[in-house]
Amino acid sequence: MTADFPRHPGLYFYPMGFPLTPDMDIDGLLVRAHQFDPQALAQLHDQLYPQVYRYVAYRLDDPQACEDISSEVFLRLLDVLKKKAQTVLSARAWVMGTANHLVMDYYRKKYRRKVENLDNHNHLSDHPSPEGETESKMIHQEVRDAMLNLTDDQQHVIALRFSQELSLEETAQMMGKTVNAVKVLQYRALAALRRQLDRRLK
């Protein structure tokens with residue numbers, strides 16, 4: 001039987017942080033995935049897809065592109081596992097790193113592309129005024145555009161810290177850096193982002 005990741009378009013609506021059974025522990029799943037266990041591959045996808053989608057959606061405002069990129073991340077993981085060309089030591093770090101590269105590729109190919117669909121924002125009231133909603137969307141778009149002027153690592157650290165709500169320690173582990181290095185990187189990233197926004201919003 002050929003193993004493959006399920007590609008269910010609604011997987012990113014699964015609730016975040018639901019309890020894992022021992023069989024669904026990500027480290028354990030990764031070991032089994034290296035052996036190309038079909039059940040482990042499917043469970044690994046189910047556990048990580050919502051996080052990858054949320055990370056990508058934090059940086060893009062095109063829902064279809066978010067879904068395409070998130071799916072591509074897992075197709076690439078499957079390809080790596082098939083070829084056994086390298087060992088994936090951390091599934092979560094690998095998929096987030098790959099998502100970051102795919103987002104950067106997206107912007108390189110379609111830099112400053114105008115899109116009509118904008119994300120819903122959880123911080124808006126249940127019945128926002130059209131003017132308030134439009135202003136919030138414009139500000140969110142300005143932030144995304146400003147982020148394009150940051151370095152790859154700066155964009156990655158902001159997305160990990162704020163879309164995934166990771167601690168400094170978790171972010172350091174994901175990026176393969178020390179906690180102090182992440183602190184410095186985040187400080188510089190936010191400072192650079194503020195400078196970009198100051199220029200744009202004047």
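Among the numbered criteria (1) surrounded by 14 or more Cβ atoms within 10 Å (Cβ to Cβ); (2) at pLDDT below 85; (3) under 30 Å from Lys109 (Cβ atoms), which one does Leu60 miss? That leaves (2) as the condition not met. Per the listing Arg161, Arg144, Arg188, the residue uniquely over 24 Å from Gln47 (Cα atoms) and modelled with pLDDT of 85 or more is Arg188. If I filter the stretch 26-41 for residues that are of a type in the set (Val, Ile, Thr), at pLDDT 50 or above and farther than 19 Å from Gly97 by Cβ, do I get at least one hit? Yes; the residues of the stretch 26-41 include at least one that is of a type in the set (Val, Ile, Thr), at pLDDT 50 or above and farther than 19 Å from Gly97 by Cβ. Answer with yes or no whether Phe18 is crowded, with 19+ Cβ neighbours inside 10 Å, in a loop (DSSP other than H, G, I, E, B) and at pLDDT below 85. Spelling it out, it is not the case that Phe18 is crowded, with 19+ Cβ neighbours inside 10 Å, in a loop (DSSP other than H, G, I, E, B) and at pLDDT below 85. Scanning the stretch 155-202 for residues that are of a type in the set (Lys, Arg) and in a loop (DSSP other than H, G, I, E, B) turns up Lys177, Lys202. Of all residues in the stretch 42-71, those that are within 11 Å of Val103 (Cα to Cα) and more than 12 Å from the chain's Cα centre (by Cα) total 2.
Looking across the stretch 63-96 at every residue that is small (Gly, Ala, Ser) and free of Cβ contacts under 8 Å to residues at least 60 places away in the same chain, the one that is surrounded by the most Cβ atoms within 10 Å (Cβ to Cβ) is identified as Ser70. Pairs under 9 Å by beta carbon, first residue over 19 Å from Gly97 (Cβ atoms) and part of a helix (DSSP H, G or I) in the stretch 139-154, partner modelled with pLDDT of 85 or more and hydroxyl-bearing (Ser, Thr, Tyr), six or more apart or different chains? Pairs found: Arg144/Tyr58. Considering the stretch 76-112, and only residues there that are among the hydrophobic types (A, V, I, L, M, F, W, C) and either at pLDDT below 80 or part of a loop (DSSP other than H, G, I, E, B) (or both), the residue that is farthest from Tyr53 (Cα to Cα) turns out to be Ala85.
Within the stretch 142-169, the set of residues being polar (S, T, N, Q) and more than 18 Å from Arg54 (Cβ to Cβ) comprises Asn149, Thr151, Gln154.
The values are calculated or read from the model by the stated rules, or taken from the named source; none is laboratory data. Just so you know, these numbers come straight off a predicted model, no measurement behind them. Cβ: placed from backbone, ideal geometry, glycine included. Neighbour counts: every protein chain shown.
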